[in-house]
Amino acid sequence: WPGESKLVHGKETRGQIASYAGITMFLSYRKHFMSVVVFGTYARLIFWDRRGAVVSRRFNYQTGGGDEILFKFYLRFSQLTSEQRGYDPTVVEVPPTD
């Protein structure tokens with residue numbers, strides 16, 4: 001991520017976040033999903049899909065309007081349909097066979 005730490009710990013953390021995203025996509029049959037990552041007083045919004053991620057600039061969620069960014073994100077997210085939240089509507093449960 002531009003402007004982020006190039007230290008080993010920072011790279012490992014980003015790798016771990018990406019791993020969690022991959023596992024989430026695999027286990028919950030999603031086309032995409034969104035996440036909020038919090039580091040101390042800073043946060044980022046991330047949109048994940050099968051090709052990668054779009055990451056917001058970091059913002060202080062405690063001051064300078066950052067709290068409003070989070071509020072608006074969760075407000076708008078709560079109004080999305082399951083498909084808009086990334087769930088794949090083509091996936092259906094396979095009925096058990098005898």
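Computed from the coordinates by the stated procedures, all read-outs in this text should not be read as laboratory data. Here the structure is a predicted model, which is why all the values come from computation and not from measurement. For neighbour counting, all protein chains shown are included, and Cβ atoms are generated from backbone atoms with ideal geometry for every residue, glycine included.
Points to keep in mind about this one:
- The chain, relative contact order in percent, only Cα pairs under 8 angstrom and at least six apart counted: 21
- Protection proxy ranking for 28-41, 77-90, using the average of other Cβ atoms within 10 Å per residue and placing the highest first: 28-41, 77-90.
- Cβ-defined net charge surrounding D49, 10 Å radius [Lys, Arg +1; Asp, Glu -1]: +4
- Efficiency of FRET between T97 and F47 - r from beta-carbon atoms, R0 41 angstrom, step 0.05: 0.60
- Nearest-20 debye value, the chain charge dipole, Cβ charges on Lys, Arg, Asp, Glu: 500
- Phi-derived couplings, Karplus 6.51 cos²θ - 1.76 cosθ + 1.60 at θ = phi - 60°, listed residue by residue for the range 22-28: x, 5, 4, 4, 5, 7, 10 Hz, with x used for Gly and Pro.
- Rounded FRET efficiency, nearest 0.05, which uses the C-beta distance separating E83 from V37 and R0 of 22 Å: 0.40
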